[in-house]
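Reading through the structure tokens given below for one structure.
The values are calculated or read from the model by the stated rules, or taken from the named source; none is laboratory data. Fair warning: this is a prediction, and the values are worked out from it, not measured in the lab. Methodologically, a virtual Cβ is constructed for each residue, glycine included, from the backbone with ideal geometry; neighbour enumeration extends over all protein chains shown. Heads up: the accessible areas ignore ligands, DNA and RNA and are worked out on the full protein's heavy atoms, side chains in. Shrake-Rupley method; radii C 1.70, N 1.55, O 1.52, S 1.80 Å.
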Amino acid sequence: MNAKNIGWIIGVAVVASVAIYLLTWGLFGGFSGLLADHLRNLIFLMGGIIAAIIATWRAWVADKQTQIEEYGPIPERFIKAVNQLGSENIYMRIGALHALERIGHDSENDVVAILRLLSNFVQKQSPVKSKHVVANVERAPLDAREGFGVISRLAKEYEQLLKNQNKRIVNLFSSNLKGLPEFSKGCFFRFDFARCDLSSGFFPRANFEIATFNGACLKGANFQRCNLVKADFRSADMTGVKLQFAVCNGTDFSTAKNLTTEMLQDIIYDAETPPRVPKDVTLPPPRKKPSGAGQ
């Protein structure tokens, strides 16, 4: 919250105060009485609002200063967390993940670097070991699941930042992500899940716009009411995938494996931008987006 933002807030507060006061005066008090009394009351009202805004701003600044004093400058915290990611102790690594998440909350300028770093961490800790991606017997390691959780939360908080990027920030290529907790309404905009194992994943109402699942294992995954606009599912194993009310404008299912006509019966798309489907799959008629779909 810089000085420019404070100026805008005060300006809006003044205009709103004047409007509210004049409206109240006109509705309930009329325009009788001494003008000086009304102006004095208006000044008191504006002064109180501005004082409250300044007090809030000072409290925010004091809180940020306390955080710096408690945790240290952001560059030092970042370096410390990165070093701890390489620890042989899993709990040290998990602590480092949450330290990086805290830095992301405090510093928008470091979010892209943190997301890339965490993506590399998850890939390293939980790779898909087989040449052909199939559902893994073992779930992803705890630190990899925690790392993905941090990625998803920061991506949700900075969704607009991801949309402003013209390239993929989160690359989880060939990662074992089996056994993730529920990520309802998560943001995975332009994520790379190519050749990942996301079997049994639960992602209702999440945003996967422009994400790629090329060659991924998605057995039993739940994408109900998700935003799958322009997502790439080519060569992905779609066995048992749930797609009810998913928004699929321009989605590429053209070479998806084990995709059936029944899976697509309730998808949402416009006639102008239909999804691409395999030749042996029948696309249902276009359907309008219901409330809550793709949220």
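Where does the charge balance sit around R145 when Lys and Arg score +1, Asp and Glu -1, over other residues with C-beta under 15 Å from its C-beta? Kindly include the intermediate steps, with their values, before the conclusion.
On the way: positive: R93, K124, R139, R153, K178; negative: E101, E138, D143, E146, E182, D197.
After counting each charged neighbour, the total is -1.
Would you calculate the separation in nanometres between label points at K167 and K288, each defined as 7 Å from the Cα along the Cα-to-beta-carbon direction?
4.2
What's the center-to-center distance, using Cα atoms, between segment 80-123 and segment 204-223 in Å?
One Cα centre to the other: 25 Å.
Between T56 and N258, what is 0.36 nm times their sequence separation minus the Cα-Cα distance? Round to one decimal in nm. Before the final figure, lay out the partial values.
On the way: separation 202, 0.36 × 202 = 72.72 nm, distance 5.62 nm.
Full-extension gain reported as 67.1 nm.
What FRET efficiency comes out for K80 versus K185 if R0 is 22 angstrom and r is the Cβ-Cβ distance? Round to the nearest 0.05. Write out the running numbers ahead of the final one.
Numbers: r = 32 Å, r/R0 = 1.45.
Calculated value: 0.10.
Packing-wise, with mean Cβ within 10 Å as the measure, how do 267-274, 198-205 rank, highest first?
So the order, starting with the most tightly packed, is 198-205, 267-274.
Please tell me which of these pairs span more than 20 angstrom C-alpha to C-alpha: K230/K257; K257/K279; K178/K219; K185/K279; K167/K279; K167/K230? Walk me through the intermediate numbers first.
Details: K230/K257 18 Å; K257/K279 12 Å; K178/K219 10 Å; K185/K279 32 Å; K167/K279 31 Å; K167/K230 15 Å.
From K230/K257; K257/K279; K178/K219; K185/K279; K167/K279; K167/K230, over 20 Å: K185/K279; K167/K279.
Name the shape class, rounded, prolate or oblate, that the alpha-carbon gyration tensor gives for segment 69-196, where a ≥ b ≥ c are the square roots of its eigenvalues, rounded holds for a/c under 1.5, and otherwise prolate holds if a/b is larger than b/c and oblate otherwise. Please list the in-between numbers first.
Numbers: a/c = 2.03, a/b = 1.30, b/c = 1.56.
Cα axes put segment 69-196 in the oblate bin.
Can you give the FRET efficiency for I90 and T273, using 1/(1 + (r/R0)^6), R0 = 30 Å, r = Cβ-Cβ distance, to the nearest 0.05?
On the way: r = 45 Å, r/R0 = 1.50.
Approximately 0.10, to the nearest 0.05.
Taking 0.36 nm per residue of sequence separation and subtracting the Cα-Cα distance, how much length would be gained by fully extending the chain between Q160 and N120, in nm to one decimal? The partial results should precede the final answer.
Numbers: separation 40, 0.36 × 40 = 14.40 nm, distance 2.22 nm.
Result for the pair: 12.2 nm of gain on full extension.
Give the shape of segment 151-214 as rounded, prolate or oblate, defined through the alpha-carbon gyration tensor: a ≥ b ≥ c are the square roots of its eigenvalues, a/c under 1.5 means rounded, and otherwise the shape is prolate if a/b is larger than b/c and oblate if not.
Numbers: a/c = 2.02, a/b = 1.27, b/c = 1.59.
Oblate, because a/c is 1.5 or more while a/b does not exceed b/c.
Would you list M92, M263 from the most to the least accessible area, probe 1.4 Å? Walk me through the numbers before you get to the answer.
Numbers: M92 85, M263 35 Å².
Result of the area sort, largest leading: M92, M263.
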